[in-house]
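Everything on this sheet refers to the single structure shown next.
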Amino acid sequence: MADIGLNSVIRLSQDGTLLGAFGDAYPRWMEPALRLRNVLPRLPVPMSDLTFARPTDVVPLPNGGFAVTDGYRNARLAVFDAEGALNWERNSRGSEVGSFHLLHGLAVDREGRLFVADRRNARIQVFSSDGQVLAHRLGAELGRPFGLDIGDDDCLYVVDGGDRLDTQNLTEEQASRRGLSQTILNDADLEPATRVAMSQRFVLPHDVAVGPDGTVFIADPEAGYLFAVQIEN
């Protein structure tokens, strides 16, 4: 799991036993320095490969490694091996394809492709297992994608938390919609069509997970609930 307070990635067994933690020291000066760097992009801030700066999500990979969206203070998608050595990263802040503005959710499919919720850019970007950009997707049904997961049905589930503060480049519908969408993944075409969209109940849906039986769990911190939803296809 990603711990934004400890700036670490923590590995646990299924029974909760601590198996390991990754993340170098995050000294007190780092936070103001990174905030300033977001205003002055050329400002040098010394960081190692394992310096996470408010990481937002992590997923295990088929090879035993893990991928991290290091998104609140960095603009970095980083992939590590099982021992924590960096394999590759995409580390660029901006709106160009392959760059990010607040990476938030992350999911991996059976082929090892990485789906990244590029929240402030209001899009999802898809990367190959070696870091090549495969696709990027915008759409009114996405709004601001906060969390992603891929179910056993090979569908991508996306929660859109909206954005009440920053509506740049968003339509009024995108900025105000908060809900869940389900899209069909197609190996030949990574621009899947929306199958289901729902927006009732939610205040600020923040993350999503899909169980083996198809139950969709949505974490909504402002509502104070973990919703469980069954979608009928």
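Order the following by accessible area, largest value first: Tyr157, Tyr225. Probe radius 1.4 Å; ligands, DNA and RNA are ignored.
Details: Tyr157 5, Tyr225 145 Å².
Correct descending sequence by accessible area is Tyr225, Tyr157.
Between segment 83-112 and segment 1-56, what's the alpha-carbon centroid distance in Å?
For segment 83-112 versus segment 1-56, the Cα centre distance is 15 Å.
Quick one: which residues, 5 or more positions from Phe146 or on another chain, have an amide H under 5 Å from its amide H? H modelled 1.01 Å from N in the peptide plane, none for Pro or chain starts.
Excluding prolines and chain starts, which carry no amide H, the hits are Val159, Asp160, Gly161.
For segment 35-125, give the percent of accessible area contributed by carbon and sulfur heavy atoms, probe 1.4 Å, rounded to a whole number. Could the numbers behind the result be given before it?
Numbers: 1910 of 3870 Å².
The value for segment 35-125 is 49 percent carbon and sulfur by accessible area.
Suppose the Debye formula is applied to equal point scatterers at every Cα of segment 7-130; what is log10 I(q)/I(0) at q = 0.11, 0.13, 0.15 Å⁻¹?
Result of the Debye calculation: -0.36, -0.51, -0.68.
Using the Kirkwood radius over Cα pairs, work out the Stokes-Einstein diffusion coefficient for segment 65-169 at 20 °C and 1.002 mPa s, in µm²/s as a whole number. Walk me through the numbers on the way to the answer.
Values: Rh = 13.8 Å.
This corresponds to a translational diffusion coefficient of 155 µm²/s.
Under the rule a/c < 1.5 gives rounded, and otherwise a/b versus b/c splits prolate from oblate, where does segment 14-76 land using the Cα gyration tensor? Please list the in-between numbers first.
Numbers: a/c = 2.73, a/b = 2.04, b/c = 1.34.
Prolate, since a/c reaches 1.5 and a/b exceeds b/c.
At 1.4 Å probe size, put Ser181, Ser129 in order of accessible surface, largest to smallest. Could the numbers behind the result be given before it?
Working: Ser181 0, Ser129 80 Å².
Greatest to least solvent exposure: Ser129, Ser181.
The values are calculated or read from the model by the stated rules, or taken from the named source; none is laboratory data. All values reported here derive from a predicted model rather than from experimental measurement. In case anyone asks, the SASA skips ligands and DNA or RNA and just uses the protein heavy atoms, side chains included. Shrake-Rupley method; radii C 1.70, N 1.55, O 1.52, S 1.80 Å.
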